[in-house]
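Colleague: This is the structure, below, for whatever I ask next.
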Amino acid sequence: MPDIADLALNNLLCHVDQDGIATVTLNRPAKRNALNAETIEELVALFSALPSSGVRAVVLRAEGPHFCAGLDLVEHGQSERSPAEFMRLCLRWHEAFTKIEYGGVPVIAALKGAVVGGGLELASSVHIRVMDETTYFGLPEGQRGLFTGGGATIRVPALIGRARMVDMMLTGRLYSGDEAVSVGLAQYRVPDSEAKAYELARACAQNTPLSNFAICSAISHMQNMSGLDAAYAEAMVAGIVNTQDAAKGRLDAFAKGTGVKIKPA
């Protein structure tokens, strides 16, 4: 597995601070951070390397006023791909977003401006979404003669329901503000999405890595299983995580009454 520092990144930036918080930046602001084929390959490479790098949490952010405007339509229009070629490209999108969702490291997205089309597919693959007052969500593929190809049909209905997704695609409906949070497109709406994302990342980083790995991978896996299989898998994961050496000090502190109290702020 290549070291993060050895990756050739032209469209992404990556920095890891002394606390193990990685900042991954979409860095095509002139294109509203639209995702071209090269960016997708960089996402695959980077999120393949991050879980084994010792990173404890990731903040996914973007340069410029927009998070991500989706598929780079200029590149797509000029490429004149065959159906087979575009299918293979879609599978690379799936690979990238699966690395994010199932990698076992908490990924918090700091959203702003456009989160549309493939940008929403990207955002829906992270574990926590934080939006600011400028953020809006859309799936405009229907109006452009297109169809989603990067996992929207899998992840977006899990967030907002099938009927809402169909409405978004058929009519071009956009969600923003409190309505976006209420339907499940974001968990937080704040004035400064990046500041909140870093706050959440640092909170996640205080958990044991094995607990975070289970939360950020096993839950998604279990949603793909039958109820009986999910119950068995949950018991197996709990057997491993709940007996980890890293938790013994925390359990001892709880027994002594010196552990962190779980209560409203």
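Where a number appears in this text, it was derived from the coordinates with a stated rule and is not lab data. Keep in mind that what you see is a predicted model, and the values were worked out from it rather than measured. For neighbour counting, all protein chains shown are included, and Cβ atoms are generated from backbone atoms with ideal geometry for every residue, glycine included.
Colleague: Of the listed peptides 10-20, 253-263, what is their order by residue-averaged count of other C-beta atoms within 10 Å, with the highest listed first?
Modeller: Those peptides, ordered most packed to least, come out 10-20, 253-263.
Colleague: Follow-up. Give me 171, 134, 148 sorted ascending by neighbouring Cβ count inside 10 Å, so fewest comes first.
Modeller: Lowest to highest Cβ neighbour count: 171, 134, 148.
Colleague: Further question on the same structure: Under the 0.36 nm per residue contour assumption, what length would be gained going from the current alpha-carbon distance of residue 84 and residue 163 to full extension?
Modeller: Gain on extension, residue 84 to residue 163, equals 25.5 nm.
Colleague: Let me ask something else. Can you spot the lysines whose alpha carbon is less than 17 Å from residue 31's alpha carbon? Ignore those fewer than 8 places along the same chain.
Modeller: Answer for residue 31, where 17 Å is the Cα cut-off: 112, listed by chain and number.
Colleague: With each pseudo-label sitting 7 Å past Cα toward Cβ, what's the residue 240-residue 253 distance in nm, one decimal?
Modeller: Once both label points are built, they end up 2.5 nm from each other.
Colleague: Right, next: Please find the FRET efficiency linking residue 13 to residue 76, where r is the Cβ-Cβ separation and R0 is fixed at 30 Å, and quote it to the nearest 0.05.
Modeller: Once the sixth-power term is evaluated, E becomes 0.80.
Colleague: Calculate the radius of gyration of the Cα atoms of the range 1-87 to one decimal place, then report Dmax, the largest Cα-Cα distance, as a whole number, both in Å.
Modeller: In Å, with Rg to one decimal and Dmax whole: 14.4, 46.
Colleague: Take the Cα atoms of the chain, find their three principal axes, and give me the spread along each one in whole Å, biggest first.
Modeller: On the principal axes, the chain reaches 64, 43, 40 Å in Cα extent.
Colleague: Using per-residue counts of other Cβ atoms within 10 Å, averaged over each peptide, order 84-91, 97-104 from highest down.
Modeller: 97-104, 84-91
Colleague: Which of the pairs 99/248; 99/256; 196/261; 99/196 have their Cα atoms more than 32 Å apart in this structure?
Modeller: From 99/248; 99/256; 196/261; 99/196, over 32 Å: 99/256.
Colleague: Output the peptides 234-242, 159-167 sorted from most to least packed, where packing is the average of other Cβ atoms within 10 Å over each peptide's residues.
Modeller: 159-167, 234-242
Colleague: Further question on the same structure: Between 29, 39, 110, whose Cα lies farthest towards the positive end of the dipole of the chain when Lys and Arg beta carbons carry +1 and Asp and Glu beta carbons carry -1, centred on the Cα centre?
Modeller: 110
Colleague: Filter the DSSP H helices in the chain by two things, a Kyte-Doolittle mean of at least -1.0 and an axial alpha-carbon span of 30 angstrom or more, and list the hits by number.
Modeller: Within the chain not a single helix satisfies the rule.
Colleague: Assign unit charges at the C-beta atoms only (+1 for Lys and Arg, -1 for Asp and Glu), then state the dipole size of the range 4-205 relative to its Cα centre in Debye, rounded to the nearest 20.
Modeller: Magnitude of the dipole: close to 380 debye.
Colleague: What translational diffusion coefficient, in µm²/s and rounded to a whole number, does the Stokes-Einstein relation yield for the range 60-141 at 37 °C and a viscosity of 0.692 mPa s, taking the hydrodynamic radius as the Kirkwood radius over Cα pairs?
Modeller: My calculation gives 242 µm²/s for D.
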